[in-house]
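Only the coordinates and a few stated rules stand behind these numbers; no lab work does. As the structure is a computational prediction, the values presented were derived from the model and not from experiment. Quick reminder, even Gly has a Cβ in these numbers, built from the backbone with ideal geometry, and neighbours come from all protein chains shown.
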Amino acid sequence: MSPNKSHENIKDLFNDPRIPQEIDISKQVMTKIKRDKERFFVKYKVSILIAIGLIASISSGYAAVQYYQLKNEKGEVLYEEKNSSQYQGKSKIVKELEPEKEKYYDKRWEIEDTLEPGTAAALYIAVYNPKKTVERVSRPFEFATLTDLRKKMGEGVYVPETLPGGYHFLDARFANGIQFDYEKYDKEALYKQAEKEKKEFVMQPLEWTNELDYMYATYKDSEGSYLNFNITNYEDVEGSTTYVVDLDKQKKEVIKIGKTEVLYTEEASEDRVSKRIVWVTEDSGKKLQYEVSTDGDKLNKDTISQFVNVVVPKNK
């Protein structure tokens, strides 16, 4: 896959709104994620609460109540950004993993690395797992051509071949939701299979739904600059809120493009300024979050409308 994807920036792990209800976290896990950021797709649930745990420990001095909202024509909030330190969910944060738990995660990640693109499965690891937890694991479909991506996604969502500034489609990853009800799933069958086959882990395939979960695409211009275009299902995000690390250090502005409110963000680092725009649509009957991000200079406040208008009219 190409460099400079949005998910390869560790801070993007903080932006994912799908916070799990309970997770163990540790410095060791964060170190592992920093070493191998491609793991984001299969380990974002671990990553997010690691983020929250670290922010809780280093941002206790954050006092300003900042948030940014995008609304529809009725004044209803479609999207909201808050600083991660404001997260008040029910998640259990454990700052140090027990050795056995760390071994469990290492084993899980080792297994996930072997999954073929387009795989979804229920996983039971028989070792380092006294609670006999069964987890859902997956790897998205991967596409090197836009034709193949469109064929898989169908006609519900439009992905352009080019974006303003001379960016051309390079590759993409795509996943629908997964049919998995933890409470109803036959976990005993996996326990028995592992015992019978005397295996450290066993998996059973799961079915994908027909509903988009996410699509992450990379574009590249003739100068070698990369741009990321992402579409994410935002329908079941609690409070329509995304928690962002270091929100107070980012320059943000809500800009209206036609009837669509767009949140424009600039974040400066030592050697570059990252630009990002986010907006949410509900034209299809479902909330979809759109995001364009790049370190290049072709995305700025003067060109926002060009990027939004390439996509929005096609997805109404």
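Points to keep in mind about this one:
- Over 19 Å between alpha carbons, listed pairs LYS74/LYS287; LYS74/LYS259; LYS184/LYS286: LYS184/LYS286
- Whole-Hz Karplus values for segment 284-297 come out as 7, x, 10, 6, 10, 9, 10, 9, 10, 9, 6, 9, x, 9 Hz, taken residue by residue from phi with 6.51 cos²θ - 1.76 cosθ + 1.60 and θ = phi - 60°; glycine and proline positions read x.
- Low-density loop positions, trypsin sites (Lys or Arg not before Pro), segment 123-184 - DSSP coil, at most 16 other Cβ in 10 Å: LYS131, LYS132, LYS184
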